[in-house]
Amino acid sequence: MTKSQKITLTILSLIAFVLVGTAGYFSLSSYRAFASKPLGPALPVAQQTLPPIWTATPLSSSSVDVATMAPLSTVTKTPEPLCGGPSMMTILAIGQDQRSNNYNYGLGDIVRVVRVDFVTPKITVLEFPRDLWVEIPYIADNLNGLDHGKLNQAYLYGQPGDGFAYWDDPSQGPGLLSLTLTLNFGILADHYVAVNMRTFENVVNAIGGITINVPDLETAHNTGLPMGKNHLGGSEALKVARNREEGMFERVGNQNLVLCAMREKVLSPSTVTKIPELIASFQDNIQTDFTPDQLSQLACLGTKLPVENIAFASFPEDLFTEVRTFEDPAYSKGLLIFDADFNILREYVMRFNAGTWPSLASSTSSDETTTEEASSSSSFCP
């Protein structure tokens, strides 16, 4: 296998890790010779200093139960991070809604932030609704003073397609979306990865499809699949992941089913025999700023991460209300958006950043579950 093929295979590991919650069977030692050059433009340095549009309020004034927030550690010696990685890494994962081979256009229809703890180890994945109405920096001069849009539009406005590219930075859509999350919610991403629909289909096909177990009638209704085990190819898996006939929050649950099935398949020893197909699926078909060395650290962590230490989280559904906004003149009949109290969302984000929400499945019993934990949505792969 050539060095370029190995690099591409490592990229595959990252995408599986971000989308599924973990990545596989590669060891750090296999990739120590890789260069430290990023595979794409880095996120803008301005992200680290961009002032938020909100002022933090005392957590005790919110409806979020903060009694479970972890106290400051009194331990003087912290365990070393695994696999030579940093103590913590935050990744912005984007699912683009285009089937083309390029990333010139497309909305960021799936927005998830992945918190990777190399010390515990632990991975938590937080989903942001694409229809949140947010302030987007650098767009007002191009939209006649309009400085707001849907969250998924932030990615589109930064892409290089004709009529867009509303800001001049090599990180393009991922960079502008990352800045938008920083400005509105206090998310500081270290790295990004974006995958379009065609690449997603190629991934699933290259690993021989995935098997989703539909356990009950409610899940069957939400996914459109019959009860029992269903073997899906790439287009079928994409259809399930994009199915929102029962609502946006059911769609997130469908996506988690697909991601868990992908995790199981990627970790299967049989995947090793499909290396050529996997390489072909990912060659030049993603956006990311990772270096091969950083990808190696993530891949190594995948071999040491207990499945129960992977959690998918969503904000409580009752925090959101569907309304129409008439701020965007391009939509004369109004644009359907999610309205929410951003102060409450930011407090959830603060807990997510601190690693105290969501709780690990193994550490939360029915007696310990708070009102806030019960109202929010968390799921774990079996």
- Query: Can you tell me which of ALA206, ALA189, ALA140, ALA154 is of a type in the set (A, V, I, L, M) and surrounded by fewer than 20 Cβ atoms within 10 Å (Cβ to Cβ)?
  - Reply: ALA140
- Note on the structure: Every listed condition ((1) assigned to a helix (DSSP H, G or I); (2) surrounded by 22 or more Cβ atoms within 10 Å (Cβ to Cβ); (3) modelled with pLDDT under 95) holds for GLU201 save (2)
- Kindly check whether there is at least one residue in segment 288-310 that is in a loop (DSSP other than H, G, I, E, B), under 23 Å from LEU183 (Cβ atoms) and not aromatic (Phe, Trp, Tyr). yes
- Message: Residues that are closer than 26 Å to GLY334 by Cβ, touching a strand residue (DSSP E or B) at 6+ places or on another chain (Cβ under 9 Å) and part of a loop (DSSP other than H, G, I, E, B): does segment 120-129 have at least one?
- Response: yes
- Item | Failed item in (1) part of a helix (DSSP H, G or I); (2) over 21 Å from the mean Cα position of the chain (by Cα), with GLN153 passing the rest | (2)
- Query: Of ASP289, ASP293, which residue is in contact with a Leu (Cβ under 7 Å, 6 or more places away or on another chain), modelled with pLDDT of 75 or more, of a type in the set (D, E, K, R) and farther than 23 Å from LEU132 by Cα?
  - Reply: ASP289
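Can you spot a residue in segment 339-347 that is under 27 Å from PRO44 (Cβ atoms), at pLDDT below 80 and in contact with a Ser or Thr (Cβ under 9 Å, 6 or more places away or on another chain)? Reasoning before the result, please.
Here is the first cut: in segment 339-347, the residues under 27 Å from PRO44 (Cβ atoms) are 340, 342-343, 345-347.
Then drop every residue that is not at pLDDT below 80, which leaves none.
No, the conditions are met nowhere in segment 339-347.
Would you mind stating whether GLY163 is closer than 18 Å to ASP97 by Cβ and surrounded by fewer than 20 Cβ atoms within 10 Å (Cβ to Cβ)?
Yes; evaluated as a whole, the condition is true for this residue.
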- Kindly provide the set of residues from segment 320-339 that are over 23 Å from ALA140 (Cα atoms) and surrounded by 18 or more Cβ atoms within 10 Å (Cβ to Cβ), ordered by number. PHE320
- Message: Can you pull out every residue in segment 102-119 that is in a loop (DSSP other than H, G, I, E, B) and closer than 22 Å to THR291 by Cα?
- Response: ASN102, TYR103, PHE118, VAL119
- Item | Residue within segment 125-148 that is small (Gly, Ala, Ser), free of Cβ contacts under 8 Å to residues at least 24 places away in the same chain and within 30 Å of LEU319 (Cα to Cα) present | yes
- Message: If I filter segment 104-129 down to residues being within 19 Å of ILE91 (Cα to Cα) and over 12 Å from the mean Cα position of the chain (by Cα), which single residue comes out as surrounded by the most Cβ atoms within 10 Å (Cβ to Cβ)?
- Response: PHE118
- Message: Out of the residues in segment 209-245 meeting the condition of being surrounded by fewer than 21 Cβ atoms within 10 Å (Cβ to Cβ) and hydroxyl-bearing (Ser, Thr, Tyr), tell me which one is modelled with the highest pLDDT.
- Response: THR211
- Message: Condition first: crowded, with 23+ Cβ neighbours inside 10 Å and in a helix (DSSP H, G or I). Can you find one or more residues in segment 130-137 that meet it?
- Response: no
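The values are calculated or read from the model by the stated rules, or taken from the named source; none is laboratory data. Since this is a predicted model, take the numbers as computed values, not measurements. With ideal geometry, Cβ positions are generated from the backbone for all residues, glycine too; neighbour counts draw on all protein chains shown.
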